[in-house]
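These notes are about the structure you will find just below.
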Amino acid sequence: MGRKPRVERTAEEKWQIVQECLKSGNVSETCRRHQIAPHVYYRWKDEVDQGAKAALGGRSAAAADSEKDRRIRQLERALGRKSLEIEILKNVVGE
């Protein structure tokens with residue numbers, strides 16, 4: 001089974017989907033209805049948040065938050081990899 005073809009969405013479509021998720025509170029259902037993965041929604045939501053911060057607080061505030069968010073995502077990925085490694089090692093050892 002191959003990948004679905006990539007759908008290019010306009011900024012307006014992305015904004016509408018993010019708003020719909022925020023209003024409904026049900027990310028999974030909204031993502032399913034629009035045929036997007038939840039991680040795509042969260043990436044769009046982060047972009048919306050960064051844009052709003054840049055518009056309201058100036059570019060330096062958004063850039064600082066962006067760098068923090070990037071570092072947090074990097075650390076979360078590293079933590080996930082380490083957790084997976086631990087599970088694999090537990091299975092190998094037989095615990």
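Does at least one position in region 65-81 carry a residue that is modelled with pLDDT under 90 and small (Gly, Ala, Ser)?
Yes, the conditions are met somewhere in region 65-81.
Looking only at region 29-53, which residues are aromatic (Phe, Trp, Tyr) and open to solvent by 40 Å² or more (accessible area, probe 1.4 Å)?
42
What pairs come up if the first residue lies in region 72-94 and is within 20 Å of residue 43 (Cβ to Cβ), the second is open to solvent by 100 Å² or more (accessible area, probe 1.4 Å), and their beta carbons are under 6 Å apart, counting only those six or more places apart or on different chains?
none
The values are calculated or read from the model by the stated rules, or taken from the named source; none is laboratory data. Here the structure is a predicted model, which means the values were calculated and not measured. Don't worry about glycine lacking a Cβ; one is built from the backbone with ideal geometry, like all the others, and counts go over all protein chains shown. The protein model used for the area step is the full one, side chains on, heavy atoms only, and it has no ligands, DNA or RNA in it. Shrake-Rupley method; radii C 1.70, N 1.55, O 1.52, S 1.80 Å.
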